[in-house]
1. So in region 100-130, with the set limited to residues that are of a type outside the set (A, V, I, L, M) and under 17 Å from His146 (Cβ atoms), which one is surrounded by the fewest Cβ atoms within 10 Å (Cβ to Cβ)?
2. Taking helices (runs of 4 or more DSSP H) that fall entirely within region 6-75, which contain at least 3 residues that are over 29 Å from the mean Cα position of the chain (by Cα)?
3. Identify, by number, the condition in (1) in a helix (DSSP H, G or I); (2) exposed (fewer than 10 other Cβ atoms within 10 Å of the Cβ) that Thr89 doesn't meet.
4. Taking helices (runs of 4 or more DSSP H) that do not extend beyond region 93-188, which have at least 2 residues that are under 30 Å from Asn81 (Cβ atoms)?
5. Is it the case that Phe147 is on the phi < 0 side of the Ramachandran plot, in contact (Cβ under 8 Å) with a residue 12 or more places away in the chain and either surrounded by 12 or more Cβ atoms within 10 Å (Cβ to Cβ) or out of contact with any Phe, Trp or Tyr (no Cβ under 9 Å at 6 or more places or on another chain) (or both)?
Amino acid sequence: MPYDGDEARKAIRAAYNREYAAKNRERIRQKARERYEKNRVAILEGNRARVEAWHKENPDAIRKHKQRYREKNRGKLREYNRRYIRDETGELTDSYKARLQFKTAQWRDGQETMAGRPRPKVCDACGGPPDANRPLHYDHCHSKGHFRGWICRECNLALGNVRDDANRLRKLIAYLKRTKDGPVAQFALPGV
């Protein structure tokens, strides 16, 4: 045998492969392009699957990479975001308006789903119509979280201002009844 071991054979084969690759570089590239075009979909799917698997296995690395990118490109991201929201004249862009309308509609549909019924035409509390250009509000209990009804802006503000306290509302009703005929009697101050 002319060669003593595998190492010598490997070195000779590697040298031959390097020489062949150098002489036939364009032919090898053309074959690779043809192979890629023939199997393009399978190659892309395989790449996508590998990337997704890596992302699932390394969420901390992804988070750190995104954080570094945001820190490095803060101004660029701020400018891109500003251009997405407003055009040169300062008006909201059409794409942003469309996204905003879609999100608002999605949010309203979600509220109606949570409520278990659609928005009525009148307020559940006072029976009046809602304000112009404002739909009825989704009212819920702040302590237990359950849906109470669809109410107008004024009723919603009133409930918020009394902090959903029925006793405070009763006192306010009594106050209104006491004072409906005129001013409350003035108390005379001693020594005046």
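1. Let us first name the residues in region 100-130 that are of a type outside the set (A, V, I, L, M), namely 101-104, 106-113, 116-121, 123-124, 126-130.
From what is left, the residues that are under 17 Å from His146 (Cβ atoms) are 110-113, 116-117, 124.
Values: Gly110: 11, Gln111: 18, Glu112: 13, Thr113: 10, Gly116: 7, Arg117: 10, Asp124: 14.
Ranking the candidates gives Gly116 first.
2. Values: elements: 6-23, 25-38, 40-57, 59-72.
Hits in region 6-75: 6-23, 25-38, 40-57.
3. It is condition (1) that Thr89 fails.
4. Values: elements: 94-115, 153-161, 166-179.
Correct list: 94-115.
5. Working: on the phi < 0 side of the Ramachandran plot: yes; in contact (Cβ under 8 Å) with a residue 12 or more places away in the chain: yes; either surrounded by 12 or more Cβ atoms within 10 Å (Cβ to Cβ) or out of contact with any Phe, Trp or Tyr (no Cβ under 9 Å at 6 or more places or on another chain) (or both): yes.
Judged against the criteria, Phe147 is a match.
Only the coordinates and a few stated rules stand behind these numbers; no lab work does. Quick caveat, the model's predicted, so the values are computed rather than measured. Virtual Cβ from ideal backbone geometry, glycine too; neighbours counted across all protein chains shown.
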